[in-house]
Amino acid sequence: MLTQLPEGFTTLVTGAGGGIGNAVVDALLASPRTGRVIGVSREPRPRATDDRFEALTADLTTSEGREALVSYLDGTPLHLTFNTIGMLHDDALGIHPEKRLDDLTPQAMARLFDVNAMTPALLLQALQPSLKGQHPALVASLSARVGSIEDNRLGGWYAYRASKAAHNMLMKTAAIELRRLNPNLAVACLHPGTTDTALSRPFQARVPAGKLFSPAFVAEQLLQVLEQRRPGDGASFHDWAGETVAW
Ligand SMILES: NC(=O)c1ccc[n+]([C@@H]2O[C@H](COP(=O)([O-])OP(=O)(O)OC[C@H]3O[C@@H](n4cnc5c(N)ncnc54)[C@H](OP(=O)(O)O)[C@@H]3O)[C@@H](O)[C@H]2O)c1
């Protein structure tokens with residue numbers, strides 16, 4: 001797994017309490033090539049003991065949370081940074097994907113932009129001490145195919161689509177700058193496919209048979225897609241099967 005990274009490589013997984021994030025941690029720990037795995041989550045999450053796993057409780061949508069992560073890492077070089085933070089709906093806040101222009105609210109748009117676009121970019125800003133250098137460094141961040149501007153045929157889901165399109169632009173822009181700090185760094189925006197997690201649960205009825213993936217399957221697939229990324233590559237947008245997605 002991830003043979004372009006050194007034996008015992010160090011990983012940061014953000015959103016480690018989420019469906020896909022948790023499965024990515026499991027998939028990494030299943031490989032003997034994996035070294036330290038630092039999983040960041042808003043709530044402490046019980047996990048089978050593995051000496052390589054370190055849990056950090058922090059809300060990375062806040063500057064305090066990002067500062068706590070930076071001081072925990074203390075400049076440790078990161079070989080794999082895997083961001084899985086993202087949101088589509090929040091019943092408590094009354095946030096649901098919009099069907100029409102009349103459904104748009106500034107509150108929902110601001111929240112989705114904060115979590116889906118600003119947080120991943122501010123995370124990269126904070127992680128620069130751990131990304132700069134000469135070490136091979138892969139930065140993966142979960143996007144969504146509906147964030148593809150070119151692929152948008154159905155409409156709807158305004159805030160989620162737009163926040164993921166903004167996510168992709170921020171990742172692509174950061175990739176250009178970060179490669180000056182580390183010539184062996186590559187950034188990958190990834191579409192996981194429809195995955196059986198809390199995020200997709202209200203929308204699963206419409207998913208065709210065989211198209212709702214388990215988080216474990218998706219984690220394996222995404223790590224295989226990352227296997228194809230070479231340190232020093234520019235930013236890319238791929239789906240779970242390794243197909244390129246149009247920006
Ligand atoms: N599931 C799908 O079908 C699907 C399809 C396309 C794209 N994606 C993308 O894949 C990523 C992972 O999603 P998932 O399916 O694993 O969903 P999930 O189970 O809901 O996990 C998402 C995680 O993101 C973090 N998060 C969500 N809202 C947050 C908030 N308001 N403040 C701070 N952190 C927040 C949480 O991490 P902690 O619990 O660790 O704090 C949460 O567990 C997302 O970016 C999503 O957009 C998913």
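The values are calculated or read from the model by the stated rules, or taken from the named source; none is laboratory data. Everything numeric here is computed off the predicted structure, so don't read it as measured data. Cβ: placed from backbone, ideal geometry, glycine included. Neighbour counts: every protein chain shown.
Does ARG100 qualify as being of a type in the set (Lys, Arg) and in contact (Cβ under 8 Å) with a residue 12 or more places away in the chain? First the steps, then the outcome.
On the way: of a type in the set (Lys, Arg): yes; in contact (Cβ under 8 Å) with a residue 12 or more places away in the chain: yes.
Yes; evaluated as a whole, the condition is true for this residue.
Among the residues of the stretch 1-18, what is the count of those that are in contact (Cβ under 8 Å) with a residue 40 or more places away in the chain and either more than 12 Å from the chain's Cα centre (by Cα) or more than 15 Å from the ligand (Cβ to nearest atom) (or both)?
Initially, the stretch 1-18 is screened for residues in contact (Cβ under 8 Å) with a residue 40 or more places away in the chain, giving 1-6, 9-16, 18.
Pick out the ones that are also either more than 12 Å from the chain's Cα centre (by Cα) or more than 15 Å from the ligand (Cβ to nearest atom) (or both) and you get 1-6, 9-11.
Residues meeting the conditions: 9.
Report, by residue number, each residue of the stretch 116-147 that is within 12 Å of the ligand (Cβ to nearest atom) and buried (at least 20 other Cβ atoms within 10 Å of the Cβ).
Of everything in the stretch 116-147, those that are within 12 Å of the ligand (Cβ to nearest atom) and buried (at least 20 other Cβ atoms within 10 Å of the Cβ) turn out to be ASN116, ALA117, THR119, PRO120, LEU123, ALA140, SER141, LEU142, SER143, ALA144, GLY147.
Within the set of pairs 6 or more residues apart or between chains, which connect a residue that is of a type in the set (S, T, N, Q) inside the stretch 161-177 to a residue that is part of a helix (DSSP H, G or I) and buried (at least 22 other Cβ atoms within 10 Å of the Cβ) with Cβ atoms less than 7 Å apart?
SER163/LEU112; SER163/ASN116; SER163/ALA117; ASN168/GLY147
Mind checking which residues of the stretch 26-42 are surrounded by 18 or more Cβ atoms within 10 Å (Cβ to Cβ) and outside any helix (DSSP H, G or I)?
The answer is THR34, VAL37, ILE38, GLY39, VAL40, SER41.
Name the residue that is farthest from the ligand (Cβ to nearest atom), counting only residues in the stretch 60-89 that are surrounded by fewer than 16 Cβ atoms within 10 Å (Cβ to Cβ) and part of a loop (DSSP other than H, G, I, E, B).
The extreme case among them is GLY75.
Scan the stretch 180-199 and report the pairs whose first residue is in contact (Cβ under 8 Å) with a residue 60 or more places away in the chain and more than 29 Å from SER214 (Cα to Cα) and whose second residue is in a strand (DSSP E or B) and more than 15 Å from the ligand (Cβ to nearest atom), with Cβ atoms within less than 8 Å and a gap of 6+ or a chain change.
none
Across the stretch 151-202, what is the number of residues that are among the polar types (S, T, N, Q) and not in a loop (DSSP other than H, G, I, E, B)?
Start the filter on the stretch 151-202 by keeping residues that are among the polar types (S, T, N, Q), which leaves 152, 163, 168, 173, 182, 184, 194-195, 197, 200.
Restricting the remaining residues to those that are not in a loop (DSSP other than H, G, I, E, B) gives 163, 168, 173, 195.
Number satisfying all stated conditions: 4.
Looking only at the stretch 149-192, how many residues end up being surrounded by fewer than 22 Cβ atoms within 10 Å (Cβ to Cβ), within 15 Å of the ligand (Cβ to nearest atom) and farther than 19 Å from MET87 by Cβ?
3
Inspect all residues belonging to the stretch 43-64 and state whether any of them is in contact (Cβ under 8 Å) with a residue 40 or more places away in the chain, under 21 Å from the mean Cα position of the chain (by Cα) and closer than 22 Å to LEU190 by Cβ.
There is at least one residue in the stretch 43-64 that is in contact (Cβ under 8 Å) with a residue 40 or more places away in the chain, under 21 Å from the mean Cα position of the chain (by Cα) and closer than 22 Å to LEU190 by Cβ.
Of these, ASP196, ASP233, ASP239, which one is modelled with pLDDT under 95 and among the acidic types (Asp, Glu)? Spell out the reasoning first.
Working: ASP196 fails: modelled with pLDDT under 95; ASP239 fails: modelled with pLDDT under 95.
So the residue among ASP196, ASP233, ASP239 that is modelled with pLDDT under 95 and among the acidic types (Asp, Glu) is ASP233.
Just to be sure before I move on: is THR57 at pLDDT 95 or above, touching a Pro at 6+ places or on another chain (Cβ under 8 Å) and over 18 Å from GLN128 (Cβ atoms) in the structure I sent? Full working, then the answer.
Details: at pLDDT 95 or above: yes; touching a Pro at 6+ places or on another chain (Cβ under 8 Å): yes; over 18 Å from GLN128 (Cβ atoms): yes.
Yes.
Out of everything in the stretch 206-217 that is assigned to a helix (DSSP H, G or I), more than 8 Å from the ligand (Cβ to nearest atom) and at pLDDT 95 or above, what residue ends up being surrounded by the fewest Cβ atoms within 10 Å (Cβ to Cβ)? Steps first, please.
Residues of the stretch 206-217 assigned to a helix (DSSP H, G or I): 206, 215-217.
From what's left, more than 8 Å from the ligand (Cβ to nearest atom): 206, 216-217.
In the following step, the residues that additionally are at pLDDT 95 or above were identified as 216-217.
Details: ALA216: 18, PHE217: 16.
Only one residue fits best here, namely PHE217.
Somewhere in the stretch 53-68, is a residue farther than 16 Å from GLY18 by Cβ and touching a His at 6+ places or on another chain (Cβ under 9 Å)?
The answer is no; no qualifying residue exists.
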